[in-house]
Amino acid sequence: YPNGKVREACSSMMPRHEHSPQPSPEHTISVNETKFRPGDHIKVNLSGPVFEGFFIQARNAENLAGPAVGSFMLAEERISQLLTCGLCRHATVVEKYKIFWVKIPGPVISQPNAPPLTTPTSITPETLPTSQPVFHLTKSFNASGCGSTKFCIRNPAKCDPGAAYCFFLSFKQNNHSVLIEMSGPSEGYIAFALSHDQWMGDDDAYLCINEDHRINVNTAYLSGRIPPVLDSENGLEDISWRVADGLVQCSFRRNLRLPAYKGRFNLDANYYIFLADGEASEGGLIHKHHRQPLITNGMYNVTDSPKDVGGSRSPLLLKLHASLMFVAWMTTVSIGVIVARFFKPVWPHSLFGKEIWFQVHRMLMLTTVLLTSIAFVLPFIYRGGWSEWAGFHPYLGCTVMALAIFQPLMAGFRPPPHAPRRQVFNWVHWSTGTTARILAVVTMFLGMDLPALNLPDPWDTYTMIGFVAWHVGIDILLEIHSYCLIRKVEVIDEDRIQILQSLTSAEAEGHTFKEIVLTIYICGNIAFLITFLAAIHQL
Ligand code: HEM
Ligand code: HEM
């Protein structure tokens, strides 16, 4: 596959290109060491004529047919990627789609006095020149005990901590100390923080930072939405870590209370817990998280009763933004327009000095503008500025907002009903309103897939298409009905006597039909609205 996710080929290493591999290899694999100890890094070099793709594994030299062993780290993220099979050392090289070599053997490297490969020890000491002894984890964490013996946070919910996409954090209490395990997909850092609220700032953070393929475990006090200053001393014990197959893993122990260290919160209290990940550069400098950090749905005491919880990566203000926009541009605006277009003859009676249809239309349209205005400011409040990475959505959104303000202003200064310029107003009012609605639908389509509020795909797109079809269908039905009603009146017109009776009865029938259709339309519309609001609520 062009995306390189060729997990099916893990064991055969055979590209499914429907051609046979080339016989004699032209590419070579070399390594910079022939002996290693656990935790060592071996530089692997693949060289030869120009090629389009490669797939490399390490295997046990005594069991070449067995599974891949060990793990890789990328030398250059932009040109290669990791694939979870296991360890490595046979290469498959693709020069062109049809020309490839399979299982080019590389050199054998060995571990002196190695224990048998089938019984991996879970922790092996690594002799690093650091003040603290650091241990090297050799297995991924596991979720057994989550909710019974330890407190876990997993994202996505219930994911397996060994999986390439799983963010995992667990707390296991043992007398006065707590063992903390954290793992997640990242080429840079992963971090969690304890917080009294749902905002970044005034939080106690723990970071595992990948610095040149070694993990540094640090603490920091998050003073605001700015890069944290890492503490020089942190009171953490039993630090161990591993970087493998795109996952950063670290585990450490800390006391329930650390009064000697400023900025460390007591673990026996309730907190919102955050999970964040992002890039790290030379010198352990961390960059802002690309994706929205996870926030637990409630406050938890991790030392209280073990739980297995998830959280949300969608901020409340953005959820409100989307919800209010859906109410405005799916429901109130649609009903308001149908009423103005088809219900003038149905509800001509006066209510508080104006016709009913007009009162209803004006009320629904002003509600739309009001909801849009409130919803409009929420992302600005949340981001504290312009949404830089949100594509066309904010630009279209601003256009919709501008049209939504212009429309009632213009309506306020409309010429009287029979003035000559009234036709111009009618036309501009119709086209501005229609443009706003069409742009709003496009804006909603784009908004639903923004990373900060990603509704399930492709469900969201299909449901939105369903809504548009429902709306347009009802619109066409009412158009056809109006057209037929006019035809009926024209035909009756030829016989003067019949007019008075039949016209009124035909009209009355027509009105009942329209009212029934409107009722059905509103029910369907609200069903779509509720579906979207429920989906947002679950994010
Ligand atoms: C270089 C480091 C960091 C920078 C510059 C940074 C900056 C920001 C900014 C500007 C926001 C506001 C939303 C946005 O504009 O995207 C935010 C949100 C957030 N950050 Fe960070 N952050 C950093 C690291 C961290 C870390 C290490 C954590 C905790 C583990 C964290 C947790 C959060 C959470 C939970 C939110 C969402 C709640 C809120 O909006 O306040 N951040 N961050
Ligand atoms: C017609 C309706 C809508 C309008 C006029 C609108 C308008 C806007 C505007 C102007 C912004 C940018 C604000 C800023 O730069 O800080 C924005 C951001 C956003 N909108 Fe909408 N929006 C609409 C509907 C929706 C819907 C239906 C959703 C989701 C289901 C949505 C999701 C978002 C998100 C997640 C952001 C924040 C992007 C980010 O900073 O990560 N919007 N919207």
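None of the figures in this text is laboratory data; all of them are computed from the coordinates on show. None of these values were measured; they are calculated from a predicted model. Counting neighbours? That spans all protein chains shown, and the Cβs are built from the backbone with ideal geometry, glycine included.
With both labels modelled 7 Å from their Cα along Cα-to-Cβ, the His41 to Glu187 distance reads 1.4 nm. One chain, two ends: Asp212 and Met299. Fully extended at 0.36 nm per residue, the span grows by 27.8 nm beyond their Cα-Cα distance. Check which residues have an amide H placed less than 5 Å from Thr219's amide H, if you skip close sequence neighbours. Answer set, sorted by chain and number: Leu207, Asp231. With the simple spin-label model, which puts each label point 7 Å out from Cα in the Cβ direction, the Asn63 to His290 separation comes to 3.6 nm.
If R0 equals 56 Å, the separation of the Cβ atoms of Ile530 and His196 corresponds to a calculated FRET efficiency of about 0.95.
Inter-label distance, Val108 to Ile381: 6.8 nm, where each label sits 7 Å from its Cα along the C-beta direction. Entry note, the chain: relative contact order of 9 percent, from Cα contacts under 8 Å with a spacing of 6+ residues.
For region 263-338, the relative contact order comes to 27 percent (Cα pairs under 8 Å, sequence separation of at least 6). For region 256-394, the relative contact order comes to 18 percent (Cα pairs under 8 Å, sequence separation of at least 6).
Lys and Arg at +1, Asp and Glu at -1: add these up for the other residues within a Cβ distance under 11 Å of Val468 and post the number. So the surrounding residues net to 0.
If the chain linking Gln538 and Thr149 were pulled fully straight, counting 0.36 nm for each residue of separation and taking away their Cα-Cα distance, it would gain 137.3 nm. Helix 504-538 axis versus longest C-alpha principal axis of the chain: approximately 20°, rounded to the nearest ten. In this calculation the C-beta distance from Lys344 to Val472 is compared with R0 = 22 Å, giving a FRET efficiency of 0.55.
Computed from the alpha carbon positions, the gyration tensor of the chain leads to an equivalent ellipsoid with semi-axes of 62, 31, 19 Å, biggest first.
Per-peptide packing, taken as the mean over residues of other Cβ atoms within 10 Å, places 332-339, 268-275, 407-414, 347-354 in the sequence 332-339, 268-275, 407-414, 347-354 from highest down. Computed packing ranks the peptides 468-476, 286-294 as 286-294, 468-476, most packed first, by mean other Cβ atoms within 10 Å. From least to most packed, judged by other beta carbons within 10 angstrom and beginning with the fewest, Cys146, Cys152 follow the order Cys146, Cys152. Using a cut-off of 30 Å between Cα atoms, the listed pairs Lys103/Lys139; Lys43/Lys158; Lys43/Lys307; Lys319/Lys344; Lys139/Lys262 include Lys43/Lys158; Lys43/Lys307; Lys319/Lys344; Lys139/Lys262 as exceeding that distance.
For Met73 and His511, what is the calculated FRET efficiency with R₀ set at 56 Å and r taken between the beta-carbons, to the nearest 0.05? Step by step, r from the Cβ atoms, then E = 0.15. Counting Lys and Arg as +1 and Asp and Glu as -1 over every other residue whose Cβ lies under 13 Å from the Cβ of Tyr261, the net charge comes to 0. Residues in region 49-76 near a label at Cys10, defined as backbone nitrogen under 17 Å from the 7 Å Cα→Cβ point? Those under the cut-off are 55-60, 64-73.
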